[in-house]
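One structure is given here, and the rest of the page talks about it.
Just so it is clear, none of the values below were taken in a lab; they were calculated from the coordinates. Predicted model only: the values in this text are computed from it and were never measured. All Cβ positions, even for glycine, are placed from backbone atoms using ideal geometry, and neighbour counts span all protein chains on display.
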Amino acid sequence: MATASVTTDDGVGLHVEEAGCGTAIVFVHEFGGDHRSWEPQMRHFARRHRCVTFGARGYPPSEVPADVEKYSQARAAADILAVMDGLGIDKAHIVGLSMGGFAALHFGLDHPARARSLTVAGAGYGAEKKYEDYFRGVSLEVAAQFESQGSEKFARTYAIGASRVQFQNKDPRGWAEFAAQLGEHSAVGAANTMRGVQAKRPSIYDLADRLEAMAVPTLVVVGDEDDHCIAPGVFLKRVIPACGLLVLPKTGHTLNLEEPAMFNQCVADFIALAEAGRWSPRDPRANPAEIMKTS
C-alpha cells in the first residue's frame, strides 16, 4: 500500500493511503473512525479499483490544526477535492460514513463533475429539525469530554453509544479494535472537529433545493437501529433524483465494519451500475401519489 501526504489549500497536511488500480474510489471516514476504518473496503475494492483512504484534518497522522476555525463542513468537502487533486484523480466514486457521508454529500453538491457516484452511509445526526438544538449541545459536550478526559478514557464511553452496541454484540473483536483506535485519536482534533464540523453543519433538510438539482448517482445506506439516520435517509431518497436507499437489518451506525460483506457487495453492485450508466433517476411513471392504476 502506498502512502502520501497531500496539502490542502489552507496548508493542512493530510495523510493518504492507496492501493489497487482502475477507476478511483475515495473513502471518507466518520468522526469515530479514521483512515484505518476502511480496511475491509480497501482490501475488497482494490482488486478492481484504485482505492484511496485518508485521515481528515485533526486525525493523526494528518495534521491537527489548533484553531477551531480550520474545521468546517465546507472544509471537509474541500479536503476530498484536495486529496483527489494531489493524487491526480479527475473523477472518483466517493464513499463516506456518517461525518464522511455528510462530506461526500456536500462534495456532490459542490463538485458534481468530479464525482462518478456518491455512497452516503449513516448520515443523519443533527439533520432532524426537532433534534437540532439537542445535537449541537451534545456535540459541544462531547468536545469538552475529549478535552477533559482525553481520547483513551472517553473512547470507552463514546464507543458504547446507542448505535454502536450492535457492532459490539455482533463482532466483539472488531468493535474492540474500533474502540482502541478511537482511543488513539487526538483529543484536540476530536474536540475541534466536534465544534467546527459536527455542531455547525447545516441540516440536510435545508439543502432540499440543491439536492433536487444534483444529478450524481447516489446510494444512501442506513442501519435499521441507527434511529437518527432513518428519516434523513428516506428524505434523501425522496429528493435526490438518482438515489437508492439501502437499509441494513439489525444494524447500527458503524455500517462498513459491522456488516462488511453486505456493505461491500451492495456498494460494488451500485458502483458497477453507475459506471454502466444504469443508475438513473426514478421513472416518472413510478408516481408516489398513485396506489393502484385504474385507467
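Legend: residue pairs LYS91/LYS250; LYS153/LYS237; LYS129/LYS237; LYS91/LYS153, Cα-Cα distance threshold 28 Å; pairs beyond threshold, LYS91/LYS250; LYS153/LYS237; LYS91/LYS153.
Ordering 238-245, 122-129, 217-224 by mean Cβ neighbour count within 10 Å, with the highest value first, yields 217-224, 122-129, 238-245. Restriction of the GluC sites (Glu not before Pro) in the stretch 175-273 to DSSP coil positions whose beta-carbon has at most 10 other beta-carbons within 10 angstrom yields no sites.
Each part gets one Cα centre, and for the stretch 1-46 versus the stretch 225-295 those centres are 24 Å apart. Averaging the sequence gap over all C-alpha pairs within less than 8 Å and six or more residues apart, then dividing by the number of residues, gives the chain a relative contact order of 19 percent.
Can I get the semi-axes of the stretch 56-140's equivalent ellipsoid? Compute them from the C-alpha gyration tensor as square roots of 5 times the eigenvalues, in angstrom, largest first. Spell out each step's value before the answer.
On the way: eigenvalues 111, 64, 19 Å².
Its equivalent ellipsoid spans semi-axes of 24, 18, 10 Å.
Across the chain, counting alpha-carbon atoms alone, Rg and Dmax equal 18.2, 67 Å. A cut-off under 11 angstrom between Cβ atoms defines the neighbours of ASN264, and their net charge, with Lys, Arg +1 and Asp, Glu -1, is 0. The loop-placed trypsin sites (Lys or Arg not before Pro) in the stretch 11-63, going by DSSP, that have at most 13 neighbouring Cβ atoms within 10 Å of their Cβ come out as ARG47.
Every helix of 4 or more DSSP H residues in the chain counts as -39500 (n - 2.57), and over all residues that averages to -12000 deg cm²/dmol at 222 nm.
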